[in-house]
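**Q** Below are the structure tokens for one structure; questions will follow.
The values are calculated or read from the model by the stated rules, or taken from the named source; none is laboratory data. Fair warning: this is a prediction, and the values are worked out from it, not measured in the lab. Note that we place each Cβ from the backbone using ideal geometry, even for glycine, and neighbour counts take in every protein chain shown. The protein model used for the area step is the full one, side chains on, heavy atoms only, and it has no ligands, DNA or RNA in it. Shrake-Rupley method; radii C 1.70, N 1.55, O 1.52, S 1.80 Å.
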Amino acid sequence: MEKIKMADLHTQYLRIKPEIDDAIQQVLTSTAFIQGPEVNAFAQALGTYVDVNHVITCGNGTDALQIAMMALELQPGDEVILPVHTYVATAEVIALLGLVPVFIDVFADSFNLDVTQLESKITPKTKAIVPVHLYGQCADMEPLLAIANRHKLYVIEDTAQALGAEYTFSNGTRKKAGTMGIIGTTSFFPSKNLGCFGDGGAIFTNDTVLAEKLKMTANHGQRIKYHHDIIGINSRLDTLQAAILQVKLKYLDDYARRRNDAAAYYDLALAGIAGVKIPHRSGNSTHVFHQYTLTVERRDDLKKELEAAGIPTMIYYPVPLHFQKAYARKSFGEGSFPVTESLSKTVISIPIHTEMKPEQLAFISETIKTFYTT
Amino acid sequence: MEVLFNDLKKLHQSIPELNEVIQRTVSDFNFIRGKQVTQFEESFKAVLGVNHCVTTGNGTDALFIALRSLGINPGDEVITPAFSWISSSETISLCGAKPVFADVDSQTYTLDPDRIEEKITDRTKAIVAVHLYGQAAHLEILKKICDKHHLFLIEDCAQGHLTLEYGKYAGTVGEIGAFSFYPTKNLGAYGDAGCIVTNSDTLAEKARRFANHGALLKDDHLVEGMNSRMDTLQAAVLLAKLPHLKRWNEMRNLNAQLYDQLLDGIAEIILPLQRPDASHTFHLYVIRAQQRDELKRWLANYGIQTLVHYPQALPDLPAYHYLGHDKGAFPVAGMLAKEVLSLPVHPLLHLDAIQYVADRIRGFYKK
Ligand SMILES: Cc1ncc(COP(=O)(O)O)c(C=O)c1O
Ligand SMILES: Cc1ncc(COP(=O)(O)O)c(C=O)c1O
């Protein structure tokens, strides 16, 4: 059996190597390395894919969040609500801009922001909510948007892990992750579902005025060259990366299908094992399985056992944000966010990617089953 | 004849191994913090003779990371030239601090040391010196001022790769030097890239942490930070180009000398001054010209690309209106904005092209 990896980007590349190599060669020939035509072409194609009016590309998914908050003119002291069970980038950007992160716990089954607690966190200083579509599945957007509307709060969807996931509203309307709030952000970090060959990111919006502002903010506050109207940053998607992404975007749905096939296998093989909870499927959202995350008993022992069997795993995330040293000064006690604290001790993400082999899936499932049944 | 401002195609073709380097890096498939990143950091710091190099996503991020690593915070003031690319002031604002503009020297176009002390208050924390166009700022004097007033000195080296003052490389005199490897810089990547250099272990660690979400190791987020990395692919390109940098700088200097000779004696223009105690990378060869805009159009009609670095003094930009400066408060910067014109000076420029540009300039003022 082939060595099992958390992500097998190399094999994925080899399947489309001629196309990718061509795209790279084209950029090397044109030498339009910054804002070359591929950047705009990719932005257009991605806009069509997620069905949004404006796509602004940028340097990475963290910058995307920063640009979003700058363009919305959030001011130091403003409060921004975010789930406490997430990657550090979301909280860090809030802090970087002098805003105040207000953490909220997540649902134990979907791992996404607990909307039932949302209103209790809203104060007169609250300006925005940042739902994170964790592991590849949309947060409860319909109730979240209703609350946001009622309190006139911006919704910035962190779509770094869920590009392509689709949410169905109760009236039957379907929307892609990142296009439901005022702004959506995403990352093209290599191991993301749509990954480039370096850092990359993008921002979505349907608001034309805001789109202009986002574009300016990502480009030193310029509308026209050398006309700096506002304070901005430098955050661009390299032409080389855009060219690669343009090729890969065509395969994104196929990638999601392959990930879902692997997930379906795991679901079947692992359901019903005492001590193991398979990931919950939300009724309102498709899942693009950026991660396949189990909630298990004896997590650390399982991790060791799998490692010994040559099966890599990851813990997303082992230290809840409120216990990170960077936030220690805000002194959250044990039990502040019980679900997240429990998840940090019980979640384990097992290999899932576009190149999983049946025998690998079988071996991983079997090894887990054996661990809990013997 | 068509004279391009930059010729990246020709530059790419002049290093045949670059295609292979890129193909090999793609095959390695280690796109984030691959070994080429560390190798570039090692090589670049060896060239400069400095203890640490920390790569970043671009030169603007490098400046921001430098400021944040030095602890520049809301309420602080940082002195920065009134004439530069906006990164050297916008990154100060991003820290929540106040950019305090100082006018530049009318001969070297870098910070005028005589205009600094009048700007220092008890909130002043640092000075950002820009090695504009490739000529070292008055580093030694600035360093003395900084030492006297307990200020940090940050060097913006985006245009000054390997430029020297009194035998010291730009970027190694202040606490931190910030570099850009934007594709058209003297050392340019094939996308955005940058780095900071420093001799301080503490600052290097702070910068490395800050640029990586506040963590040195996975999940060890000691402080809040950001995401600013040099792609492995860009590091590989820079590694392949670095050995050529000195030679390219020399070629730019030869081009500049030729311009100096050919443009000598035209009363309507002022040629760039080269300080005897400093070197110049001629990232840009910038003349000051009467009827600058007409000259620019005239040259364009002859197929000659020129650029204006920069058409406005920074304090005059709408982004800084909130500081409430009067127009004319920075007379040298204001004058430069009206007069400067950058002529093509890239390393692979043909001598005939330089002759052609010079002839057309002469022709413009004789007409
Ligand atoms: C939820 C989430 N938000 C933001 C990011 C940041 O993206 P990037 O690494 O491109 O800065 C990531 C990924 O790393 C992420 O998983
Ligand atoms: C003087 C100066 N500072 C900073 C920068 C910023 O570099 P970058 O474009 O890599 O962000 C540049 C170049 O664009 C520059 O010329």
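**Q** Among the residues in segment A:324-332, are any more than 14 Å from chain B (Cβ to nearest Cβ), open to solvent by less than 20 Å² (accessible area, probe 1.4 Å) and aromatic (Phe, Trp, Tyr)?
**A** Of segment A:324-332, the ones more than 14 Å from chain B (Cβ to nearest Cβ) are A:331-332.
In the following step, the residues that additionally are open to solvent by less than 20 Å² (accessible area, probe 1.4 Å) were identified as none.
The answer is no, given that none of the residues of segment A:324-332 is more than 14 Å from chain B (Cβ to nearest Cβ), open to solvent by less than 20 Å² (accessible area, probe 1.4 Å) and aromatic (Phe, Trp, Tyr).
**Q** Can you name the residue in segment A:197-211 that is away from ligand 1 (no atom under 14 Å from the Cβ) and open to solvent by 10 Å² or more (accessible area, probe 1.4 Å) and is also farthest from residue A:14 (Cα to Cα) among such residues?
**A** The extreme case among them is A:209.
**Q** Identify the residue in segment A:165-189 that is open to solvent by less than 10 Å² (accessible area, probe 1.4 Å) and closer than 30 Å to residue B:34 by Cα and, among all such residues, is farthest from ligand 1 (Cβ to nearest atom).
**A** The extreme case among them is A:184.
**Q** Separate question: Anything in segment A:76-85 that is open to solvent by 10 Å² or more (accessible area, probe 1.4 Å) and within 10 Å of ligand 1 (Cβ to nearest atom)? List them, or say none.
**A** So the first thing to find is which residues in segment A:76-85 are open to solvent by 10 Å² or more (accessible area, probe 1.4 Å), and the list is A:76-79.
None - no residue of segment A:76-85 is open to solvent by 10 Å² or more (accessible area, probe 1.4 Å) and within 10 Å of ligand 1 (Cβ to nearest atom), so the list stays empty.
**Q** Which of the residues spanning segment A:50-75 are within 10 Å of ligand 1 (Cβ to nearest atom) and of a type outside the set (D, E, K, R)?
**A** Initial filter on segment A:50-75 (within 10 Å of ligand 1 (Cβ to nearest atom)): A:58-66.
Those that are within 10 Å of ligand 1 (Cβ to nearest atom) and of a type outside the set (D, E, K, R): A:58, A:59, A:60, A:61, A:62, A:64, A:65, A:66.
**Q** Of the residues in segment A:292-323, how many are within 12 Å of chain B (Cβ to nearest Cβ), touching a helix residue (DSSP H, G or I) at 6+ places or on another chain (Cβ under 7 Å) and either among the aliphatic types (A, V, I, L, M) or surrounded by fewer than 17 Cβ atoms within 10 Å (Cβ to Cβ) (or both)?
**A** Residues meeting the conditions: 3.
**Q** Could you tell me whether residue B:161 is within 26 Å of residue B:56 (Cα to Cα), modelled with pLDDT of 95 or more and either in contact with a Leu (Cβ under 6 Å, 6 or more places away or on another chain) or more than 16 Å from ligand 2 (Cβ to nearest atom) (or both)? Steps first, please.
**A** On the way: within 26 Å of residue B:56 (Cα to Cα): yes; modelled with pLDDT of 95 or more: yes; either in contact with a Leu (Cβ under 6 Å, 6 or more places away or on another chain) or more than 16 Å from ligand 2 (Cβ to nearest atom) (or both): yes.
Yes; evaluated as a whole, the condition is true for this residue.
**Q** Name the residues in segment A:340-374 that are outside any loop (DSSP other than H, G, I, E, B) and open to solvent by 40 Å² or more (accessible area, probe 1.4 Å), would you?
**A** Quick first cut of segment A:340-374, residues outside any loop (DSSP other than H, G, I, E, B) only: A:340-350, A:358-373.
Once the filter is applied, which keeps residues that are outside any loop (DSSP other than H, G, I, E, B) and open to solvent by 40 Å² or more (accessible area, probe 1.4 Å), segment A:340-374 yields A:342, A:345, A:358, A:359, A:363, A:366, A:369, A:370, A:373.
Yes/no matrix, rows are residues, columns are (1) of a type in the set (Phe, Trp, Tyr); (2) touching a helix residue (DSSP H, G or I) at 6+ places or on another chain (Cβ under 9 Å):
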| residue | (1), (2) |
| --- | --- |
| A:149 | no, no |
| A:176 | no, yes |
| A:216 | no, yes |
| A:222 | no, yes |
| A:251 | yes, yes |
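**Q** Could you list, in sequence order, all residues of segment B:219-270 that are touching a strand residue (DSSP E or B) at 6+ places or on another chain (Cβ under 9 Å), surrounded by fewer than 17 Cβ atoms within 10 Å (Cβ to Cβ) and of a type in the set (Lys, Arg)?
**A** None; the set is empty.
**Q** Take segment A:238-254 and flag every residue that is surrounded by fewer than 22 Cβ atoms within 10 Å (Cβ to Cβ) and either in a helix (DSSP H, G or I) or of a type in the set (A, V, I, L, M, F, W, C) (or both). Break it down into steps so the answer makes sense when it comes.
**A** Keep residues of segment A:238-254 that are surrounded by fewer than 22 Cβ atoms within 10 Å (Cβ to Cβ), which gives A:246-247, A:249-254.
A:246, A:247, A:249, A:252, A:253, A:254 - these are the residues of segment A:238-254 that are surrounded by fewer than 22 Cβ atoms within 10 Å (Cβ to Cβ) and either in a helix (DSSP H, G or I) or of a type in the set (A, V, I, L, M, F, W, C) (or both).
**Q** Within segment B:1-21, work out how many residues are over 23 Å from the mean Cα position of the chain (by Cα) and among the charged types (D, E, K, R).
**A** Step one: filter segment B:1-21 for residues over 23 Å from the mean Cα position of the chain (by Cα), giving B:1-3, B:13-21.
Subsequent filtering for residues that are among the charged types (D, E, K, R) retains B:2, B:17, B:20.
Residues meeting the conditions: 3.
**Q** Residues being open to solvent by less than 30 Å² (accessible area, probe 1.4 Å) and more than 8 Å from every other protein chain (Cβ to nearest Cβ): count how many of those fall in segment B:22-36.
**A** 3
**Q** Quick one: which of A:107, A:103 is farther than 30 Å from residue B:209 by Cα and aromatic (Phe, Trp, Tyr)?
**A** Details: A:103 fails: farther than 30 Å from residue B:209 by Cα.
So the residue among A:107, A:103 that is farther than 30 Å from residue B:209 by Cα and aromatic (Phe, Trp, Tyr) is A:107.
Every residue, every condition in (1) of a type in the set (D, E, K, R); (2) under 19 Å from the mean Cα position of the chain (by Cα); (3) more than 14 Å from chain A (Cβ to nearest Cβ), yes or no:
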site	(1), (2), (3)
B:298	no, no, yes
B:301	no, no, yes
B:304	no, no, yes
B:318	no, no, no
B:328	no, no, yes
B:334	no, no, yes
B:337	no, yes, no
B:344	no, yes, yes
B:357	no, no, yes
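**Q** Pull up segment B:164-200, narrow it to residues that are of a type in the set (Asp, Glu) and away from ligand 2 (no atom under 11 Å from the Cβ), then point me to the one that is least open to solvent (accessible area, probe 1.4 Å). If you could, list the steps in order and put the result at the bottom.
**A** Initially, segment B:164-200 is screened for residues of a type in the set (Asp, Glu), giving B:165, B:175, B:192.
Right, trim to away from ligand 2 (no atom under 11 Å from the Cβ) and you get B:165, B:175.
Numbers: B:165: 10, B:175: 50 Å².
Ranking the qualifying residues of segment B:164-200, first place goes to B:165.
**Q** Please enumerate the residues belonging to segment A:6-53 that are charged (D, E, K, R), within 21 Å of the chain's Cα centre (by Cα) and away from chain B (no Cβ under 11 Å).
**A** Filtering segment A:6-53 down to residues charged (D, E, K, R) leaves A:8, A:15, A:17, A:19, A:21-22, A:38, A:51.
With the extra rule that they be within 21 Å of the chain's Cα centre (by Cα), the set shrinks to A:8, A:51.
Scanning segment A:6-53 gives a single hit, A:51.
**Q** Can you find even one residue in segment B:206-215 that is touching a residue at least 60 places away in the same chain (Cβ under 8 Å), away from ligand 1 (no atom under 16 Å from the Cβ), over 26 Å from residue A:324 (Cβ atoms) and among the basic types (Lys, Arg)? Before the answer, list the steps.
**A** Step one: filter segment B:206-215 for residues touching a residue at least 60 places away in the same chain (Cβ under 8 Å), giving B:206-208, B:210-211.
Subset that is away from ligand 1 (no atom under 16 Å from the Cβ): B:206-208.
Still in the running and over 26 Å from residue A:324 (Cβ atoms): none.
No; the residues of segment B:206-215 include none that is touching a residue at least 60 places away in the same chain (Cβ under 8 Å), away from ligand 1 (no atom under 16 Å from the Cβ), over 26 Å from residue A:324 (Cβ atoms) and among the basic types (Lys, Arg).
**Q** Pull out all pairs, ordered by first then second residue, where Cβ-Cβ is under 9 Å, the residues are six or more apart or on different chains, the first lies in segment B:22-51 and is aliphatic (A, V, I, L, M), and the second is at pLDDT below 95.
**A** Nothing qualifies.
**Q** OK, next. Find the residue count for segment A:217-237, including only residues that are closer than 28 Å to residue A:26 by Cα and either open to solvent by 10 Å² or more (accessible area, probe 1.4 Å) or of a type in the set (Ser, Thr, Tyr) (or both).
**A** Of the residues in segment A:217-237, 5 are closer than 28 Å to residue A:26 by Cα and either open to solvent by 10 Å² or more (accessible area, probe 1.4 Å) or of a type in the set (Ser, Thr, Tyr) (or both).
**Q** In addition: Within segment A:94-117, identify whether any single residue is β-branched (Val, Ile, Thr), part of a loop (DSSP other than H, G, I, E, B) and either within 16 Å of ligand 1 (Cβ to nearest atom) or within 14 Å of chain B (Cβ to nearest Cβ) (or both), and answer yes or no. It would help to see each step written out before you state the result.
**A** Step one: filter segment A:94-117 for residues β-branched (Val, Ile, Thr), giving A:94, A:100, A:102, A:104, A:106, A:115-116.
Next, only the ones that are part of a loop (DSSP other than H, G, I, E, B) stay: none.
No, the conditions are met nowhere in segment A:94-117.
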